[in-house]
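*Asks:* The following block contains the structure, expressed as structure tokens.
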Amino acid sequence: MIISAALVTLGAGAQPKLTKDNIDEVLKAMTLEEKAELVVGAGWGSMTAGSANVPTGSASLVSGAAGTTNPIERLGIPATVLSDGPAGLRINPTRPGTDKTFYCTGFPVGTVLACSWNAPLVQELTTAMGNEVLEYGADVLLAPGMNIHRNPLCGRNFEYFSEDPVLSGKMAAAYINGIQSNGVGVSAKHFAFNNQEINRNENMANVSTRAAREIYLKNFEIAVREAQPWTVMSSYNKVNGDYTQQSHDLLTKVLRDDWGFEGIVMTDWGTKDGTVKAVRAGNDLMEPGADVEKSRIIAAVKDGSLSLADLDRNVRRMLEYIVKTPRFQGYEYSNEPDLEAHAALVRKGAAEGMVLLKNDGVLPLAGVQNVALFGLNAYKSIAGGTGSGNVNKPYIRNIDEGLAAAGLKIDEKLAKFYKDYRTYTESLDALNATEAGGPFSGVLLGESVLAEVGIAKSAVEASEKRNDAAVVVIGRNAGEGDDRRVENDFELTAEERALLSNVENIYHKAGKPVVVVLNIGGVIETASWKNLPDAILLAWTPGQEVGNSVADVLTGKSYPSGKLAMTFPVKYLDHPSSFNFPYNGQDGVFSLTDEMIGFAALMGYEYTPQPVKDIDYTDYSEGIWVGYRYFDTAGKEVSYPFGYGLGYTTFAYSSPVVKVAKDGTVSASITVKNTGSAAGKEAVQLYVSAPAGGLVKPGKELKAFAKTRELQPGESETLTMTVCPYSLASFNEAASQWETAAGSYTVRFGASVADIRATASFQVKKAQSWPVSEALAPVKEITEISVK
Ligand code: BGC
């Protein structure tokens, strides 16, 4: 009988149970149908345990997760759970049949993390975040969001890091390493060129290979090389011809052959035609998964149009992923992560991503007791954005609550005025809220952060008599499925302008300080009004502790040490990309696509046609001239430059030391000294300028950065940053290779891109090149702007 048992294990129809060591054997035992099951997710229904299509074993699945993979019980393959991201774990906070709650910490959004310029801090925060992923029973966090801020109006920029690929890539790597240190995975998204929300399902990015490699893919390359994400999420849109999910160039040649990615690729959530092409391209998992996708795969293998080898390759990668998951390993999760400890981390960490844009000596507030607190978002503050990036957090600490808890007295009349207005609009919100348990549960729409309520001048005057200082909070929110507008969003509303100017006049006449707090998710126009207040704190949307974090900074219990991860232009149209971006107010009125109408209905609102450009395609005519690469090189005036941010102290930079090792690695050191009278941290940026000749390059490019620990007055720290020859390279399209020219390079140590504190130079003795796959050639001729 022993002999026949062995035959059962090894022979046809065998039923091995998956272990990390028998993937080949399991693959061999799988039927074609089972293989199709494994590369197609368990469907929209898998989002909510208890609903009709939840796969077997649903009792152990996580309510409100974005999806699951299919289990194959016969072979010991469990379902695994995929859940959003990126500002924390997004699951349903309540479940039928239990009073227990399942709230998750609302962490600072991606933009705030990037503005910290502190990779170890990001890793510390995401280590805590990953613990919630693990303890709530999920296997993969659908994060980080890491598309480049090509344009300030992209509705999801808050989820993303930066306009710069090095900052974005390093932050993503830190983020991924933090999450994955818990033994759960991430899905770095949206790969790639998902730089706008309008028509995101069909829009085609027409982009030069150089801009693609240097700007939009470089951050993913860094993240893959430095952190090996378990999974990558292909985006909805197309690039240079194909949907990214169906681009063999992108998913196989670039991601795997060139960069050495070892994980799986899953689609963003939807079902497209071309499933078989996606399988061939190296898209291993269709999410959330539909039966039609399985049928297509099975039929294509049967009729020979899809090779079994291609399918098996993806199935093998799925199995390799599954054996790593906590669910496979039978991890017994507690459903009880330490939310209090994580909230404390968020409160503290947020200040590092807040950027002090202006301070004429009024911050931290001194001798202030009574505060006139203006602005709707002071009383209902914004912790993060909307859409799949929203987290169901236990609470949001509002700014008024934070300031009150810090001992300040908030003017009661103003508070009542704003709260009453809120109560009124809230009843509207309630109408718009989608049902809990749905794909976008918990997202409140119609929350009119833009409609800043007008407040009479007389009321401002009266408030001045009762208070020592005015704090004006300006809020902006955005999210998945739509981009922002120039008017009343990027630009201030008329009510906000009137409020700012009245407050400025009245309070300044009385010699009282005026502070503006920006509780916003994306860049706004600042040039026209920044002269009015004495101080401007860009608090961003820094997570559930927003009020406490802002209060800590305003009162000096902590200090802001963030710097801008993007440029604040003078005018929207100063960005070269704005001429090829929807809602630029320039031309055309688009017609609604079915996808957009459907999405709007799902989200509970109606699209209104707007003047818009580029519905079917977007020409990336600005090429590599994105963000500061353009502004700095072209000498174009900005409101606040990339890398800019003040603190409560000042720093001096010593003379730099730059050395080149035998292998060409440059190490650049500088000592930073706290020369002021308060504690602080300084983020130092290393920009490199390449020698002339060869490829046209931006005047400066960020190559490395580092942040000091907390320095007390008089203390100093030496920071050392390294740059390897490959990261100095630019992409030569004609030769399909990265090239580092020989010659003299200038290293600039900046407090921002516009504030260079020290320079040095080094020689690259021999030119070097790194050939890569020929991939992603544009299908349409793109006329790029030239800057130099
Ligand atoms: C979003 C992704 C998200 C997914 C699952 C999509 O609509 O674009 O970022 O991870 O939904 O919720």
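The values are calculated or read from the model by the stated rules, or taken from the named source; none is laboratory data. The shown structure was predicted, so the numbers you read here are calculated from the model rather than taken from an experiment. A quick note on method: Cβ atoms are made from the backbone with ideal geometry, for glycine too, and the neighbour counts reach across all protein chains shown. With ligands, DNA and RNA removed, areas are computed over all heavy atoms of the protein, side chains included. Shrake-Rupley method; radii C 1.70, N 1.55, O 1.52, S 1.80 Å.
*Asks:* Here's a check for you: in the stretch 332-359, which residue that is over 22 Å from F107 (Cβ atoms) and of a type outside the set (D, E, K, R) is least open to solvent (accessible area, probe 1.4 Å)?
*Replies:* L357
*Asks:* If you don't mind, another one. Within the stretch 144-168, how many residues turn out to be within 13 Å of the ligand (Cβ to nearest atom), over 30 Å from P326 (Cβ atoms) and touching a strand residue (DSSP E or B) at 6+ places or on another chain (Cβ under 9 Å)?
*Replies:* Number satisfying all stated conditions: 1.
*Asks:* Give all pairs with beta carbons closer than 8 Å in which a residue from the stretch 189-201 that is within 12 Å of Q245 (Cα to Cα) and open to solvent by 10 Å² or more (accessible area, probe 1.4 Å) meets a residue that is within 11 Å of the ligand (Cβ to nearest atom) and among the small types (G, A, S); count only pairs at least 6 apart in sequence or on separate chains.
*Replies:* Once the first residue is within 12 Å of Q245 (Cα to Cα) and open to solvent by 10 Å² or more (accessible area, probe 1.4 Å) and sits in the stretch 189-201, its partners that are within 11 Å of the ligand (Cβ to nearest atom) and among the small types (G, A, S) give N201/G270.
*Asks:* Within the stretch 72-95, take every residue that is within 16 Å of the ligand (Cβ to nearest atom) and not in a loop (DSSP other than H, G, I, E, B) and give me the one that is nearest to T541 (Cα to Cα).
*Replies:* By that ranking, first place goes to D84.
*Asks:* With (1) touching a residue at least 40 places away in the same chain (Cβ under 8 Å); (2) within 16 Å of the ligand (Cβ to nearest atom); (3) not in a strand (DSSP E or B) as the list, and A350 as the residue in question, which single condition is left unmet?
*Replies:* (2)
*Asks:* Still on this model: All but one of (1) without any contact (Cβ under 8 Å) to a residue 24 or more places away in the chain; (2) crowded, with 18+ Cβ neighbours inside 10 Å hold for A734, so report the exception by its number.
*Replies:* It fails just one condition, (2).
Results for (1) at pLDDT 60 or above; (2) more than 29 Å from the chain's Cα centre (by Cα); (3) among the charged types (D, E, K, R), shown as yes or no for each residue.
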position	(1), (2), (3)
E412	yes, yes, yes
F417	yes, yes, no
D429	no, no, yes
G438	no, no, no
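*Asks:* In addition: Pull up the stretch 458-485, narrow it to residues that are open to solvent by 30 Å² or more (accessible area, probe 1.4 Å) and in a helix (DSSP H, G or I), then point me to the one that is farthest from the ligand (Cβ to nearest atom).
*Replies:* Once the filter is applied, the top-ranked residue is K465.
*Asks:* Name the residues in the stretch 169-201 that are of a type outside the set (A, V, I, L, M), within 16 Å of the ligand (Cβ to nearest atom) and over 16 Å from E480 (Cβ atoms), would you?
*Replies:* Once the filter is applied, which keeps residues that are of a type outside the set (A, V, I, L, M), within 16 Å of the ligand (Cβ to nearest atom) and over 16 Å from E480 (Cβ atoms), the stretch 169-201 yields Y175, G185, F191, F193.
*Asks:* Tell me which of these S591 doesn't satisfy, since it passes every other one: (1) modelled with pLDDT of 95 or more; (2) more than 28 Å from E163 (Cα to Cα).
*Replies:* The single condition S591 does not satisfy is (1).
*Asks:* Can I ask one more? For the condition within 16 Å of the ligand (Cβ to nearest atom), hydroxyl-bearing (S, T, Y), touching a helix residue (DSSP H, G or I) at 6+ places or on another chain (Cβ under 6 Å) and modelled with pLDDT of 95 or more, what is the one hit in T105, T111?
*Replies:* Selected residue: T111, the only one of T105, T111 that is within 16 Å of the ligand (Cβ to nearest atom), hydroxyl-bearing (S, T, Y), touching a helix residue (DSSP H, G or I) at 6+ places or on another chain (Cβ under 6 Å) and modelled with pLDDT of 95 or more.
*Asks:* For G385, all conditions in the list (1) touching a strand residue (DSSP E or B) at 6+ places or on another chain (Cβ under 6 Å); (2) away from the ligand (no atom under 16 Å from the Cβ) hold save one; what is the number of the exception?
*Replies:* Exception for G385: condition (2).
*Asks:* Are any of the residues in the stretch 22-45 away from the ligand (no atom under 16 Å from the Cβ), modelled with pLDDT under 95 and part of a loop (DSSP other than H, G, I, E, B)?
*Replies:* no
*Asks:* Then there's this: Scan the stretch 234-245 residue by residue and report those that are more than 18 Å from K780 (Cα to Cα) and more than 15 Å from the ligand (Cβ to nearest atom).
*Replies:* If the condition is that a residue be more than 18 Å from K780 (Cα to Cα) and more than 15 Å from the ligand (Cβ to nearest atom), then no residue fits.
*Asks:* Identify the single condition in (1) buried (at least 24 other Cβ atoms within 10 Å of the Cβ); (2) under 26 Å from Y333 (Cβ atoms) that N157 does not satisfy, given that it satisfies every other one.
*Replies:* Of (1) buried (at least 24 other Cβ atoms within 10 Å of the Cβ); (2) under 26 Å from Y333 (Cβ atoms), only one is false for N157: (2).
*Asks:* Here's a follow-up. What's the number of the condition Q228 fails, among (1) within 16 Å of the ligand (Cβ to nearest atom); (2) of a type outside the set (D, E, K, R); (3) open to solvent by 10 Å² or more (accessible area, probe 1.4 Å)?
*Replies:* Here Q228 clears every test but (1).
*Asks:* Also, I was wondering about something else. Answer with yes or no whether T98 is over 29 Å from K20 (Cβ atoms), surrounded by fewer than 24 Cβ atoms within 10 Å (Cβ to Cβ), more than 16 Å from the ligand (Cβ to nearest atom) and of a type in the set (S, T, Y).
*Replies:* It is true that T98 is over 29 Å from K20 (Cβ atoms), surrounded by fewer than 24 Cβ atoms within 10 Å (Cβ to Cβ), more than 16 Å from the ligand (Cβ to nearest atom) and of a type in the set (S, T, Y).
*Asks:* Going through the stretch 360-390 one residue at a time, which ones are under 30 Å from the mean Cα position of the chain (by Cα), open to solvent by less than 10 Å² (accessible area, probe 1.4 Å) and β-branched (V, I, T)?
*Replies:* I382, the sole residue that qualifies.
*Asks:* While we're looking at this one, here's another question. So, in the stretch 265-282, exactly how many residues are within 20 Å of E34 (Cα to Cα) and either within 15 Å of the ligand (Cβ to nearest atom) or aromatic (F, W, Y) (or both)?
*Replies:* Number of matching residues: 4.
*Asks:* Then there's this: Would you be able to tell me the number of residues in the stretch 313-347 that are in contact (Cβ under 8 Å) with a residue 60 or more places away in the chain and part of a helix (DSSP H, G or I)?
*Replies:* 15
*Asks:* Quickly run through the stretch 101-116 and pick out the residues that are crowded, with 22+ Cβ neighbours inside 10 Å and hydroxyl-bearing (S, T, Y).
*Replies:* Listed by number, the residues that qualify are T105, T111, S116.
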